[in-house]
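The values are calculated or read from the model by the stated rules, or taken from the named source; none is laboratory data. Everything numeric here is computed off the predicted structure, so don't read it as measured data. Here the Cβ is made from the backbone with ideal geometry for all residues, glycine too, and neighbour counts use every protein chain on show. Just the protein is used for accessible areas: all its heavy atoms, side chains included, with ligands, DNA and RNA removed. Shrake-Rupley method; radii C 1.70, N 1.55, O 1.52, S 1.80 Å.
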Amino acid sequence: MQTIDQYNFAGKKALVRVDFNVPLDKDFRITDDTRIRAATPTIRKILADGGAVILMSHLGRPKGGPEDKYSLRHLVERLGQEYGAPVKFATDAVGDDAVQQAQQLQPGEILLLENLRFHPEEEKGDAGFAQQLARLGDVYVNDAFGTAHRRHASTAVVAESFPQARVGGYLLQSEVDNAERVLNNAARPFTAIMGGAKISDKILIIEQLLDKVDNLLIGGGMAYTFAKAQGGSIGSSLLEADKLELALELIEKAKAKGVNLVLPVDSLIADKFANDANVDVAANQHIPEGWMGLDIGPEAREEFARIIRESKTILWNGPMGVFEMSNFSLGTEYVARAIAEATANGAYSLIGGGDSAAAVNQLGFADQVSYISTGGGALLEYMEGKELPGVAALR
Ligand code: AMP
């Protein structure tokens, strides 16, 4: 893959796929601008070289046509502040207006295209649509790691029109480098912490990790399917009844591979799915009827934290409980704090997108971990050993 540092953008119009799928409140104010800031180094490099920037992104899930609430025009002002330069806007990603504005764009100028997903052709990976986009620029830059696992027109297909001039942006490059470091160069002990709601979403990565890690800590809703599979009673905790056998297989595989697979010994249990529920502590295998496990318990969080603190490489994906409710966020907080402590002691820590990234941010540990991935799904697929279409298209 050609890196962005190897390319001189002087006099070029760079067609840059970014992931500006940011959350907006009801007044269209951006509530979290992480994704905008993440792409800034790439955009600054192009401008500093003397190039012009044409930004393209998706926002939200429009139903196949224009919808004002998903318009990228809501971002124009914020982007102008970010780059210290006015940002022009094309009201359609393709067509005459976009073509004309792109043609007139001068070095140092920035044009933002309207939401790509106003055209269903985007997600279909339509070649004609990709060619229309390709007409706008001289060089293609992909810095949208969060959508690199999708073969969409703007994330992969468009690259075919730029056989000599397609590069990965700084964000995409660093995401790949950080994932590689964990997959192929992990210092030991290497501990992965998996949480969240479902095993089914994470089977492939768990299987992949069993070949790499020393410790695999499993928390969150998926731990109860394991507890049930081992013959425990789990009350009304989250259960994937069709994954019981799989859970046993994973336990067996871990044994065979010498991986220390750690399930929570206890849980915080609640008598309803609510923050104001009555709360108690129970052994994970003995949760009474009418109660559900909503967080790892006091013994489990101490054990998880101890293993994490002794680790040299840490990968975390998924919360340990229903961390959105304050009474069930302690397990997740313990894990985040232990990761920060280990990192301060020289460990390398990678936080895999989505809810774990949100938790680390929310709890104030964001600058105390090594790297927070911006791409939940994309990172998981990369770690599963799959080639990401958006990355492959740059080769
Ligand atoms: P995921 O997207 O699979 O990483 O799952 C994240 C979600 O799992 C969060 O919204 C958590 O609230 C939820 N979750 C974590 N632990 C539990 C649990 N014990 N019971 C129900 N939901 C949980």
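At 222 nm, what value in deg cm²/dmol follows for the chain if DSSP H runs of at least 4 each add -39500 (n - 2.57) and the sum is divided by all its residues, to the nearest 500?
For the chain, the value works out to -10000 deg cm²/dmol.
How large is the accessible surface per residue of the chain, computed with a 1.4 Å probe and reported in Å² as a whole number?
41 Å²
Only four residue types carry charge here, +1 at the Cβ of Lys and Arg and -1 at the Cβ of Asp and Glu. Report the dipole size of segment 63-133 about the Cα centre in Debye, rounded to the nearest 20.
160 debye
Find the relative contact order for the chain and round it to a whole percent, using C-alpha pairs within less than 8 Å whose residues are 6+ positions apart.
Relative contact order comes out at 15 percent.
With a cut-off of 8 Å between alpha carbons and a minimum separation of six or more residues, what is the relative contact order of segment 277-395 in percent?
Contact order relative to length: 21 percent.
Check segment 4-173 and count each lysine pair with an alpha-carbon distance under 15 angstrom, considering only pairs eight or more places apart or from different chains.
Counting lysine pairs in segment 4-173 gives 5.
Relative to the longest principal axis of the chain, what angle (0 to 90°, nearest 10) does the C-alpha long axis of helix 34-49 take?
30 degrees
In whole percent, how big is the carbon plus sulfur part of the accessible area of segment 242-316, probe 1.4 Å, protein atoms only?
50 percent
Which residue fluctuates most in the GNM of the chain (Cα springs below 10 Å): K257, K26, K272?
Top of the fluctuation ranking is K26.
Could you let me know the centre-to-centre spacing of segment 342-395 and segment 260-281, using Cα atoms, in angstrom?
Between the Cα centre of segment 342-395 and that of segment 260-281, the gap is 27 Å.
Just to verify a number: what accessible area does D271 come out at with the full protein assembly present, 1.4 Å probe, Å² rounded to tens?
60 Å²
For segment 144-205, state which trypsin sites (Lys or Arg not before Pro) are in a DSSP loop and have at most 15 other beta carbons lying within 10 Å of their beta carbon.
K198
Give me the percent of accessible area attributable to carbon and sulfur for segment 69-180, probe 1.4 angstrom.
C and S atoms contribute 42 percent here.
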